[in-house]
């Protein structure tokens, strides 16, 4: 694409680095910015600068935060002895939306995959182990993806926690609520049968 | 029972457009070498497995220089229902497989729905090539009737890749993460042991079927045997990995496991690869494929499609007669045959009037009924 201005070209190049945004969408955004009042664009720029320079990560769990401790860790009503291990911020949001979980989180920032250059040392696993030891945590819940890499990561962390005297559990896997058996894939269904649970009256 | 009613191709291999109405029993494609007979069989193979029999990548399946997509559409009659299966591939886009316009979420779901056995001249590679060819054949075979096996296989390969990458990294850094290595070991053991057990059980069920077909094809009493070789036979995989740890770290890859399994073919107690005559090797292959046919039929309850590529050229009179008498006895479901000589084929089928047969004339990218 040819651009009438170096300034536009620069803005388009930067915007098109976003996931899911190509050159054409970036161009639309740039034109939109130029059509609006000047202060709208400046407000956006300042928001981005503030976001990048002032964002903090909770020193305890790695969640994003406005101060050194995130809202969840600072909340006395939450069970501080219960840690849910998740991959990233999106998982925290998803679990928070269930309103079922009253403990705290630990964000490890990825899944172990040597093929993609991700080893345990590049993830926040050491800080989790330290935290469990220092805080005398009761239970660690693994809420990681049901993929090969997710399995490996759960496996690895549980090995590391073996001697820490903490209960380690993983979220259950199986038939989706409201799902019909005939549409479940064979692997999920097979495993659901093999790992069936005792029926409980709730 | 199921059979293909019609086949439509767009820009597949050397066909721009082709539309065939098929016979439920025997379909013969006759034409010169290079006319595109085998491409028809490959299209049918692609319909069943969503890949080429010859291991070509998808872009190579497109008619060169005329299009950036190909399309295969098949009408299948399964009992009293008709299913419309369409497969489309476009360069740079995802391959789509639809049954009655419903797209499969995973291509793996499609494999095994329409069982198929193909016999082609280059099957001899199964005997003369390395163990990878035989693993590919057996794995594809088992996966057609066992979804859990396919899943275990994919999981094993994934863990294996990760473990090998880790071994390489350990060597580069000069520092081994033993906990992570142990994690991969346990995952490999879990999937590998399951693969080993399935292969072992499969082999013990399959060999007697195979031996029966070999006797039938060769008409003789030569003893044949297929032996399943695995590192896991001697000791449990856990011990094996522990024992190989130093070797693996030095070699920077996993040196033992089910990814090294092999099947060894014997004739009269000797290696078929070395001691078998050409005729014996051919009989072995045909028996292997016919046993596969019978095994699949028993497991899936469907008579698989049988694709015979250039079989009259490659088989001698006696083996051919055995195969033909099986066709005459309706031992198979729908059959697809290619040959260069129309007279030869017509003469063969004149002797079996009880078998419905249709001939197609194939000439450089066009097909017509005869």
Distance in Å, no decimals, from the C-alpha centre of segment B:190-221 to the one of segment B:280-302 is 10 Å
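Consider all pairwise Cα distances in segment A:1-117 and report the whole-number % of them above 20 Å.
Working: 4097 of 6786 pairs.
Everything past 20 Å amounts to 60 percent.
So if we plug the beta-carbon distance of residue B:250 and residue B:340 into 1/(1 + (r/R0)^6) with R0 = 51 Å, what FRET efficiency do we get, rounded to 0.05? Working shown, then result.
Details: r = 54 Å, r/R0 = 1.06.
According to the calculation, E is roughly 0.40.
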Separation of segment B:5-65 and segment B:66-106 by C-alpha centroid, Å? 14 Å
Taking the alpha carbon gyration tensor of segment B:310-366, what are the square roots of 5 times its eigenvalues, largest first, to the nearest whole Å? 19, 14, 11
Using the basic label-point model (7 angstrom from Cα toward the beta carbon), what is the residue B:186 to residue A:33 distance in nanometres? 5.0 nm
For A:42, B:342, which order do you get if you count the other beta carbons within 10 Å of each Cβ and list the fewest first? A:42, B:342
With a/c under 1.5 counting as rounded, go ahead and sort segment B:93-232 into rounded, prolate or oblate using the C-alpha gyration tensor (a ≥ b ≥ c being the square roots of the eigenvalues; past the cut-off, prolate if a/b is larger than b/c, else oblate). oblate
Using Cβ counts within 10 Å as a stand-in for footprinting exposure, how do A:67, B:283, B:86, B:131 rank, fewest first? A:67, B:131, B:86, B:283
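Could you work out the relative contact order of segment B:130-299, using alpha carbon pairs under 8 angstrom and six or more residues apart, expressed as a whole percent? Each step should come with its number before you reach the end.
On the way: 172 pairs, mean separation 51.1, N = 170.
Once normalised by length, the contact order is 30 percent.
What ranking, highest mean first, results for peptides B:26-33, B:248-255, B:74-81, B:285-292 when packing means the other Cβ atoms within 10 Å averaged over each residue? Spell out each step's value before the answer.
Working: B:26-33: 19.8, B:248-255: 16.1, B:74-81: 13.8, B:285-292: 23.6.
Put in order of decreasing packing, that is B:285-292, B:26-33, B:248-255, B:74-81.
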Give me the tail of P(r) for segment A:79-198 as a percent: Cα-Cα pairs with distance above 22 Å. 40 percent
Shape call for segment B:239-307, from the Cα gyration tensor axes a ≥ b ≥ c (a/c under 1.5 means rounded, otherwise prolate when a/b beats b/c, else oblate), comes out oblate
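Rounded, prolate or oblate for segment B:194-243? Axes are the square roots of the Cα gyration tensor eigenvalues, ordered a ≥ b ≥ c, and the cut-off for rounded is a/c under 1.5. Let's see the in-between values first.
Values: a/c = 6.31, a/b = 2.97, b/c = 2.12.
In terms of gyration-tensor shape, prolate.
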B:85, B:91, B:224 arranged by Cβ crowding within 10 Å, fewest neighbours leading: B:91, B:85, B:224
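Gain in length, residue A:116 to residue A:172, computed as 0.36 nm per residue apart minus the alpha-carbon separation, to one decimal in nm?
Values: separation 56, 0.36 × 56 = 20.16 nm, distance 2.70 nm.
17.5 nm is the gain from fully extending residue A:116 to residue A:172.
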Hey, in the GNM for chain A with a 10 angstrom Cα cutoff, which one of A:91, A:185, A:79 fluctuates hardest? A:185
Run the helix sum for chain B: -39,500 (n - 2.57) per DSSP H stretch of 4+ residues, divided by residue count, reported at 222 nm to the nearest 500 deg cm²/dmol. -14500 deg cm²/dmol
What average number of partner chain Cβ atoms lie no more than 10 Å from the Cβ of the residues making up A:119-129? 1
At R0 = 41 Å, FRET efficiency that the Cβ-Cβ distance of residue B:6 and residue A:54 yields, to 0.05: 0.05
Within 10 Å of each Cβ in peptide B:180-190, how many partner chain Cβ atoms are there on average? Round it to a whole number, please. 4
Would you calculate the separation in nanometres between label points at residue B:161 and residue A:17, each defined as 7 Å from the Cα along the Cα-to-beta-carbon direction? 2.8 nm
Place a label point 7 angstrom from the Cα of residue B:78 along the Cα-to-Cβ direction, then list the residues of segment B:15-56 whose backbone nitrogen is under 16 Å away. B:47-50
Can you compute the modelled spin-label distance between residue B:328 and residue B:204, with each label point 7 Å from Cα toward Cβ, in nm? 4.0 nm
Let's test the formula: R0 of 56 Å, r as the Cβ-Cβ distance of residue B:122 and residue A:25. What FRET efficiency results, to the nearest 0.05? 0.70
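Within a 10 angstrom radius of each residue's Cβ in A:106-117, how many Cβ atoms of other chains show up on average? Whole number is fine.
Working: counts 0, 0, 0, 0, 0, 0, 6, 5, 13, 6, 2, 2.
What the average comes to for A:106-117 is 3.
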With -39,500 (n - 2.57) per DSSP H segment of 4 or more residues and division by the full residue count of chain A, the 222 nm estimate, nearest 500 deg cm²/dmol, is -13000 deg cm²/dmol
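Restricting to Cα atoms and excluding each atom paired with itself, what does the Kirkwood estimate give for segment A:6-45 in Å?
Working: mean 1/r = 0.0971 Å⁻¹.
After inverting the pairwise mean of 1/r, the radius is 10.3 Å.
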So what is the diffusion coefficient of the protein assembly as shown in µm² per second by Stokes-Einstein at 4 °C and 1.567 mPa s, using a Kirkwood Rh over Cα pairs? 45 µm²/s
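Bear in mind that the values in this text are calculations on the coordinates, not laboratory data. Just so it is clear, the structure is predicted and the values come from calculations on it, not from any experiment. Cβ coordinates were reconstructed from backbone atoms using ideal geometry, including for glycine residues, and neighbour counts include every protein chain displayed.
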